[in-house]
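Engineer: One structure follows; several queries about it will come next.
The values are calculated or read from the model by the stated rules, or taken from the named source; none is laboratory data. Everything numeric here is computed off the predicted structure, so don't read it as measured data. Reconstructed Cβ throughout: ideal geometry from the backbone, glycine too, with neighbour counts over all protein chains shown.
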Amino acid sequence: MMPQDEPKFDELYRELILDHYRYPHNRGVLEKPDVDMQQHNPVCGDEIRLTAIIEDGTISQIEFMGQGCSISQASASMLTDRVTGLELTDVDALSVEFRNMLRGDDPDEQMMQDLMALQGVSKYPVRVKCAVLAWDTLQKALKLK
Amino acid sequence: MKDMSVRSDFPIMDRLIHDKPLTYLDSAATSQKPAVVIDALADFYRNNNANVHRGIYTLSEESTLAYETARVKVANFINAGSEEQIIFTRNTTESLNLIAYAWGRDNIKEGDEILITPMEHHSNMIPWMLLCKEIGCKLKYISINEDGTLDLSNLDELISENTKIVSLTHMSNVLGTINPIKQIIEKANKAGALSVIDGAQGAPHLPVDVIDLDVDLYAFSAHKMLGPTGVGVLYGKEKILSAMSPFLGGGEMIDEVYEDRFTTKEAPWKFEAGTPNFADVAAFGVAIDYLDDIGMDNVRQHEIDITQYALDQVRKIDRDITVFGPKNLDIRGGVLAFDFPGVHPHDVAQMMDWDGVQIRAGHHCAQPLMRRLGVSATARASFYIYNNQEDVDRFIDSLKKGGEFFGDASR
């Protein structure tokens, strides 16, 4: 009944996550964006809005707005850092890898970079959707484009 | 604070969560169960299990007796005139949907109005919204004051000749507000509207006397009052139930069936199609006995004491914590929803979990109320008979610790 490995407080709330929560990167709404997508988590009310500018199949600029728990907001902030300058095909691959990591798979650390900080969330099934919300939003935004 | 001394009756209280003693503070969502209820359920399956209302054989007679005896106990518990006014459903939500479906479709016309409040659980909103969508009736709201009480200043205008249903919660699952339902029921009845009370937070925590309230229909759930999951109750006045169309169709609810027509049983069986949840209902009867032994006045007093203590302790924390709902314990139940500046409710609940403290975070199935409060979610601690002062102390310690952890974020 009890989990095998007792999860540790700081495995979830890594310092990098708290930093992004306290001082989010790329927070705002772009004017005249190519994509503008908002998603929320009906269970807890977390909200993420992404606006991005796409040039030649590459995300040249992306900002997020939203409200919610530290995991959801930090994840959005980290997403904007990580995907800026990436080609859409790479974003797609990254998104898949990120989701797999949160499902418990061993990630490609070179691909994940800072996103590794969110690996601990995979031990908290209820919080996985907090971490994935920004990525869901991005995926939906890019598919609609 | 007087100790209820019942904590040891609840086996789950011995559990450790992350090596810490369990501090269960989510009874507004569901209550824990005393050993007598857990044992009653197992005993039933071991010794008495057979389908009800069927056999001429011993087991079915025993099973039927247990099921129908529980109905009598529930009737007595809320002072219903007769056990035939007690319908068993799956939960409060189903009870309220039953009303919207069976009474609503026969009695509501286009342009009619249904009056509710902004502090309703979704279960006392969506059934009416569905009905309004189908029929074209209108949903109206009593306003809410800053302090989380209802604004009844214009109630006479809100309840008009077009008002066909007035439905509201006995006690808010977020604000803890205990509404002056008797006064509102009286106005609804006078105007010829159907009075409906969502008693999901009422019946478990407050003495309820449906005759004194003069309420038409009163709904509640067993699992929030020490009983098993999967059992709901709908009390109704005899004349209303007998005139009401059936809800679900099938076995158990019929009298005679021909190839082209059928007749139904009398209430309450008319509303209980299919094999009912008789094992859980039988165990619910034991939960009612248990609450009767304690006495609902004592339950209420304990919750006043523990909630007052919790409110006082929260106030002492050196943070700008917002506690929602009325401060006056005469009109407040054992629910403490709060906003911790700079820390999201999910993070509050997550931190507390590490200390074994189980609280709820989210919109508590009351999104319209959350919007009125200007928050997307809140953290909520709620109390019941098994909670004691140590539970509150552990809750407060954990809250302080979390505040320090997230401290920089809130500055």
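Engineer: Condition first: assigned to a strand (DSSP E or B), of a type in the set (D, E, K, R) and within 14 Å of B:Leu226 (Cα to Cα). Now tell me which residues in region B:12-36 satisfy that.
Structural biologist: Of everything in region B:12-36, just one residue is assigned to a strand (DSSP E or B), of a type in the set (D, E, K, R) and within 14 Å of B:Leu226 (Cα to Cα), namely B:Asp26.
Engineer: Being more than 14 Å from every other protein chain (Cβ to nearest Cβ), touching a residue at least 24 places away in the same chain (Cβ under 8 Å) and exposed (fewer than 15 other Cβ atoms within 10 Å of the Cβ) narrows it down to one residue among B:Gly251, B:Gly334; which is it?
Structural biologist: Checking each option against the conditions leaves just B:Gly251.
Engineer: Would you say B:Ile240 is assigned by TED's automatic domain parsing to the domain that holds B:Ala75 and in contact (Cβ under 8 Å) with a residue 40 or more places away in the chain?
Structural biologist: Taking the combined requirement at face value, the residue satisfies it.
Engineer: Sticking with this structure for a sec: Residues B:Ala66, B:Ala28, B:Ala35: which one is under 20 Å from B:Asp289 (Cα atoms), crowded, with 17+ Cβ neighbours inside 10 Å and at pLDDT 95 or above? Full working, then the answer.
Structural biologist: On the way: B:Ala28 fails: under 20 Å from B:Asp289 (Cα atoms); B:Ala35 fails: crowded, with 17+ Cβ neighbours inside 10 Å.
Exactly one residue qualifies, and that residue is B:Ala66.
Engineer: When region A:49-71 is examined, which residues are found to be in contact with a strand residue (DSSP E or B) (Cβ under 7 Å, 6 or more places away or on another chain) and either among the charged types (D, E, K, R) or within 14 Å of chain B (Cβ to nearest Cβ) (or both)?
Structural biologist: Hits for region A:49-71 are A:Arg49, A:Glu63, A:Met65, A:Gly66, A:Gln67, A:Gly68.
Engineer: I'm trying to understand the selection: among the residues of region B:208-239, which are of a type in the set (A, V, I, L, M), out of contact with any strand residue (DSSP E or B) (no Cβ under 6 Å at 6 or more places or on another chain) and crowded, with 16+ Cβ neighbours inside 10 Å?
Structural biologist: Hits for region B:208-239 are B:Val208, B:Leu213, B:Ala222, B:Met225, B:Leu226, B:Val231.
Engineer: Also, I was wondering about something else. Here are some residues: B:Pro180, B:Pro204, B:Pro127. Which one is at pLDDT 95 or above and within 30 Å of B:Phe10 (Cα to Cα)?
Structural biologist: Testing whether each residue is at pLDDT 95 or above and within 30 Å of B:Phe10 (Cα to Cα) leaves just B:Pro204.
Engineer: Here's a follow-up. Scan region B:52-71 and tell me whether some residue there is more than 14 Å from chain A (Cβ to nearest Cβ), more than 30 Å from B:Ile359 (Cα to Cα) and within 20 Å of the chain's Cα centre (by Cα).
Structural biologist: Yes, some residue in region B:52-71 is more than 14 Å from chain A (Cβ to nearest Cβ), more than 30 Å from B:Ile359 (Cα to Cα) and within 20 Å of the chain's Cα centre (by Cα).
Engineer: Continuing with the same structure: Which of the residues belonging to region B:341-369 are facing chain A (nearest Cβ under 10 Å), in contact (Cβ under 8 Å) with a residue 12 or more places away in the chain and part of a helix (DSSP H, G or I)?
Structural biologist: Of everything in region B:341-369, those that are facing chain A (nearest Cβ under 10 Å), in contact (Cβ under 8 Å) with a residue 12 or more places away in the chain and part of a helix (DSSP H, G or I) turn out to be B:Pro345, B:His346, B:Asp347, B:Val348, B:Ala349, B:Met351, B:Asp353, B:Trp354, B:Gln367.
Engineer: Let me ask something additional. For residues in region B:38-51 being surrounded by 18 or more Cβ atoms within 10 Å (Cβ to Cβ) and out of contact with any Pro (no Cβ under 8 Å at 6 or more places or on another chain), which is modelled with the lowest pLDDT?
Structural biologist: Among those that are surrounded by 18 or more Cβ atoms within 10 Å (Cβ to Cβ) and out of contact with any Pro (no Cβ under 8 Å at 6 or more places or on another chain), it is B:Asn48.
Engineer: For the subset of region B:1-11 comprising residues that are in contact with a helix residue (DSSP H, G or I) (Cβ under 8 Å, 6 or more places away or on another chain) and not in a loop (DSSP other than H, G, I, E, B), which member is nearest to B:Thr69 (Cα to Cα)?
Structural biologist: Filtering first and then ranking leaves B:Asp9.
Engineer: Among the residues that make up region B:261-274, is at least one of them in a strand (DSSP E or B) and closer than 30 Å to A:Arg22 by Cβ?
Structural biologist: no
Engineer: Quick one: B:Pro345 ticks every box in (1) out of contact with any Cys (no Cβ under 9 Å at 6 or more places or on another chain); (2) at pLDDT 90 or above except a single one, so which number is it?
Structural biologist: (1)
Engineer: Considering only residues that are of a type in the set (D, E, K, R), within 21 Å of A:Ser60 (Cα to Cα) and touching a Gly at 6+ places or on another chain (Cβ under 9 Å), which ones fall in region A:84-143? Don't jump to the end; show me each part of the working.
Structural biologist: Looking only at region A:84-143, we keep the residues that are of a type in the set (D, E, K, R), and these are A:87, A:90, A:92, A:97, A:99, A:103, A:105-106, A:108-109, A:114, A:123, A:127, A:129, A:136, A:140, A:143.
Then keep just the ones that are within 21 Å of A:Ser60 (Cα to Cα); that gives A:87, A:90, A:92, A:114, A:136, A:140, A:143.
Across region A:84-143, the qualifying residue is only A:Glu87.
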